[in-house]
Amino acid sequence: MSAERVLLELATVCAEAAADALRAFCPDAVEVGRPRVMESGADPLANLPVPALAADVSYVDGVTGGNVFVAPLAGARGLARAMLGFTDPPDDETAPLDEMERSAVAEAMNQMMAAAAFATSGLLGTEVEIAPPRVRDLVEDGDADGLAEPAPHSTVVPITVHGVVCRLVQLVPYAFVVRMTRALDERDAEVLSEGPAVDRSDAGMAAALGAAEVDLWVELGRTRLPAGRLAGVPGGEVLALDRLADDPVDLYVNGLRVGTGRLLVVDGSEWAVRIETMEGAGPPIGAAASGRTGGSRPSSDASRGAADRAVPPGGPTPGEGAA
């Protein structure tokens, strides 16, 4: 397998994963362009639009390398306003992002990078961890200097957000290419041993990623408060969240919101979550996932058993028994 094919496959899979993370906030306003492999010695960060907001992240433990995402000011503001629920145009489109907008974009970029790392894990068949993303403002030419360390290979993928072309850059060391070539060759060999057809479609890629284990967690709710107040909160103080007691919880996989569910108590003492909706999935799933399973999914028999014994935190609801 050639290095160019490895790089293109990596760029395609990671860009789609990153775009899916953005679509959670603005479903109809994100498009992925055609990836390209940069020539040796070419700077993938040359001629960046300014002003812009840039996020860079480095891989740790699993592999080395990094990703950089650059969003021009208009694209970053459009994403932030979609996340914050604003529909009216901004008063001044040229003004810098305020603190709330910047925080929203940083959260979106964090989820993008987590999704790209998860996609890389699926291709390599090993866990890939990332360092916390760094977000910085690019105000004038030269501000991108030092944004990422040089690498022997790099790819660029345009991702359009609210009509504004952003840039996803992957910086790939030589050792990473060698490792990924081996992993993809082994994957192809396994597929060939099972039959003559090799599925290169999106469905085939989804199947290749399906064996990777993921971390699943639930979020009960959020609140915002000044950092100064948080530093002085005494033990025992109660902080109200933005959810009611009977509201569904959000489901997250490796930092990416994927659906909603309801908390249950299994066997009288352990938390579980009953899946209600999965974004991009089929009909709601009636099984309850126990907190003991972490990121793995119970077998169908175990799931049915857990669901039969599961009780909402406040006890059975009207018309629903603990069976």
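The values are calculated or read from the model by the stated rules, or taken from the named source; none is laboratory data. Only a predicted model underlies this, so the values are computations on that prediction, with no experimental measurement involved. Positions of Cβ are backbone-derived with ideal geometry, glycine not excepted, and every protein chain shown enters the neighbour counts. Surface accessibility is based on the protein's heavy atoms, side chains included, excluding ligands, DNA and RNA. Shrake-Rupley method; radii C 1.70, N 1.55, O 1.52, S 1.80 Å.
Output needed: percent of Cα pairs per 10 Å distance bin for the stretch 33-135, bins running from 0 to the one holding the longest distance.
14, 37, 33, 14, 2
For a Förster distance of 45 Å, can you work out the FRET efficiency between the beta-carbons of A3 and R23, rounded to the nearest 0.05?
0.90
Rank R224, R229 by accessible area, highest first, at a 1.4 Å probe radius?
Correct descending sequence by accessible area is R224, R229.
Under a crude label model (7 Å from the Cα following the beta-carbon direction), how far is N47 from R257 in nanometres?
3.7
Quick one: 3J(HN,Hα) in Hz for the stretch 214-220, Karplus 6.51/-1.76/1.60 with θ = phi - 60°, rounded, Gly and Pro as x.
Coupling constants for the stretch 214-220: 10, 9, 10, 9, 10, 10, 6 Hz.
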